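Worksheet: one structure, shown below.
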Amino acid sequence: MNPLFRLIATVLILFLTSGCGLVLNRKEVCLELLSERDNTYRAKDWPNLVRVSERYIESCRDVHNAEDISSAYNIMATAFLEMNRTNDALDSANSCISSYFQNPECHFKKAEALLLLYRFEEAKISLNIAEKTVKYALSVIDSYIVASRNPSEREFYMAKKSSNMQILELIEKLNKNYFSR
């Protein structure tokens, strides 16, 4: 579907539902934006990914939680890094942190941007925070796995654990490449 048409359709839906209190439609718009964001990420269409993420943040800030909003900023930081727009990546990573401090990916993206800007001391601090937040998340996830009541819930937390383990590996790799003697 044409991106301009999607934008017009999204704006029209938001306009029609804004004064009516139709939260369900707003949630549906947000889910559509998430789907569009996933598709543009898979296509590696970085400029469009930034636009879709910005629309998601603007439209869904009061519909989805802070963790979801921080993920959108994190994806924007990724896109900006892919486009070699390091300062924009740093701004997005900082917005990510402001939205949800406990998201370790925010701190990791900030460290990546800072390294590219040769701001090594700040990057080291961000990597340390990323490591602490991911280790904390892993401990919480482990308790959720133990307390899970059914296989699908356990599978969900196992997937989150796997994702966080990958982040921890990336943090350790950056630390080794830049900061080990």
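Values in this text are rule-based calculations from the coordinates and carry no lab data. Fair warning: this is a prediction, and the values are worked out from it, not measured in the lab. When we count neighbours, we look across all protein chains shown, and the Cβ atoms used for this are built from the backbone with ideal geometry, even at glycine.
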Q | Relative packing of 38-45, 79-86, which averages over residues the other C-beta atoms within 10 Å, highest first | A | 79-86, 38-45
(Q) Run the reach check for LYS109 against lysines, Cα to Cα strictly under 16 Å, same-chain hits fewer than 8 apart removed. What comes back? (A) LYS124, LYS132, LYS173
Q) Under a GNM of the chain (C-alpha, springs under 10 Å), which listed residue has the highest mean-square fluctuation: SER152, SER71, SER126? A) SER152
Q) For ARG154 and GLN166 in one chain, what is 0.36 nm times their gap in residues minus the Cα-Cα distance, to one decimal in nm? A) 2.5 nm
**Q.** Rh by Kirkwood over Cα pairs, then Stokes-Einstein D for the chain at 0.890 mPa s and 25 °C, µm²/s
**A.** 139 µm²/s
Q: Sum up the charges of everything whose Cβ sits under 10 Å from the Cβ of SER71, counting Lys and Arg as +1 and Asp and Glu as -1, but leave SER71 out.
A: -2
Q. Under a plain spin-label model, where a point goes 7 Å from the Cα along Cα-to-Cβ, how far apart in nm are GLU54 and VAL146?
A. 4.6 nm
Q) LYS173 to GLU122: FRET efficiency via 1/(1 + (r/R0)^6), r the Cβ-Cβ distance, R0 22 Å, to the nearest 0.05? A) 0.75
Q | Whole-angstrom gap from the range 22-78 to the range 131-181, using each part's C-alpha centre | A | 23 Å
